[in-house]
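Here's the structure, in structure tokens; my notes come after.
The values are calculated or read from the model by the stated rules, or taken from the named source; none is laboratory data. None of the values given here were measured: they were computed from a predicted structure. Cβ: placed from backbone, ideal geometry, glycine included. Neighbour counts: every protein chain shown. We work out accessible area using only protein heavy atoms, side chains counted, and drop any ligands, DNA or RNA first. Shrake-Rupley method; radii C 1.70, N 1.55, O 1.52, S 1.80 Å.
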Amino acid sequence: MPRVLITAFEPYEEWSENSSWLTLIELTRWFDAGDDLVTRRYPVDFQAVKHRLAIDMQQDFDLILHLGQAPGASVMRLEGFAVNMGSNHCPLADDGPAAYKSQLPLTAWTDKLHGRGIPAQVSYHAGTYLCNATLYMSQYYAAREALRTQSTFLHLPVSPHQVAARQKPMPSMSVPLMAAGVAMLLEDFLQRK
């Protein structure tokens, strides 16, 4: 059975909850992959994520899905590229390439999500903050250590509950719908193995 790691983030700044973590909690309530599915909640801190990811990746997962919150997003965004640049405009890895491209079937996954009524799109730029850095470092470690691991980053909208708590209109998506979307991607990956 393929081994899978799913990561999410803790709350940050003005957000008392993080839709990525809410989605991961919801997913683990009903999606059972046994010991082959490992979950992690990472802090919103690059050095801590870099350290914890390096340790986690020693388990040589087949698939890593990184989940992150994207306030203002109206769809699930499947990130196709990670660039070697942090928010300080310095390289994330001095000996790494300028960018990595996910080898996962993101376009096919987006089509599957649409077919199930889940708004999604392939995105070609994960930004230059922690989300991009997390995806870049997972690709970097996999290449450096010759791991079989494939990875991508899923940017998720905030939940309706988060919008209501802030009392400020913005796009949202229900946590059960986002969890169902993640489950669909996992099932598709497992069927292809």
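Name the longest site-free stretch of the chain, where the excluded sites are GluC sites (Glu not before Pro) in a DSSP loop with no more than 16 other beta-carbon atoms within 10 Å. With a cap of 16 other Cβ atoms within 10 Å, the longest stretch comes to 18-144.
Evaluated at q = 0.15, 0.24 Å⁻¹, a Debye calculation over the C-alpha positions of region 13-122 (equal weights, vacuum) places log10 I(q)/I(0) at -0.89, -1.67. Ligands, DNA and RNA are left out, and with a 1.4 angstrom probe the accessible area of region 22-170 is 47 Å² per residue. Estimated at 0.36 nm per residue, the fully extended path between residue 39 and residue 122 surpasses their Cα-Cα distance by 27.5 nm.
The helix-based estimate of mean residue ellipticity at 222 nm for the chain, built from -39,500 (n - 2.57) per DSSP H run of four or more residues and divided by its residue count, is -12000 deg cm²/dmol to the nearest 500. Ignoring aspartates and glutamates fewer than eight residues from residue 193 along the same chain, the ones with Cα atoms less than 12 angstrom from its Cα are 62.
Compare 103, 167, 150 in a GNM of the chain, Cα atoms joined below 10 Å, and give the one with the largest fluctuation. Taking springs between Cα atoms under 10 Å, the residue moving most is 167. Applying the Karplus relation 6.51 cos²θ - 1.76 cosθ + 1.60 with θ = phi - 60° to region 177-193 yields 3J(HN,Hα) values of 5, 5, 5, 4, x, 4, 4, 4, 5, 4, 4, 5, 4, 5, 5, 6, 7 Hz, where x marks Gly and Pro. Heavy-atom surface analysis with a 1.4 Å probe gives the chain a carbon and sulfur content of 51 percent of its accessible area. Each semi-axis of the equivalent ellipsoid for the chain is √(5λ) with λ an eigenvalue of the Cα gyration tensor; in descending order they amount to 24, 20, 16 Å. Across the chain, Cα pairs under 8 Å and at least six residues apart give a relative contact order of 30 percent. Of the residues 143, 93, 124, the one whose Cα sits farthest towards the positive end of the charge dipole of region 72-171 is 124 (charges of +1 on Lys and Arg Cβ, -1 on Asp and Glu Cβ, taken about the Cα centre). Label positions at residue 170 and residue 88, each projected 7 Å from the Cα along the C-beta direction, are separated by 2.6 nm. Within the shell defined by Cβ-Cβ distances under 14 Å, the residues around residue 126 carry a net charge of +1, with Lys and Arg each +1 and Asp and Glu each -1.
Could you tell me whether region 141-193 comes out rounded, prolate or oblate from its Cα gyration tensor? Rule is a ≥ b ≥ c as square roots of the eigenvalues, rounded for a/c under 1.5, then prolate if a/b exceeds b/c, otherwise oblate. Verdict is oblate for region 141-193.
When DSSP assigns beta bridges and you keep just the ones with both residues in region 74-153, what percent turn out antiparallel, to the nearest 5? Kindly include the intermediate steps, with their values, before the conclusion.
Working: 4 of 8 bridges.
Here the share of antiparallel DSSP bridges comes out near 50 percent.
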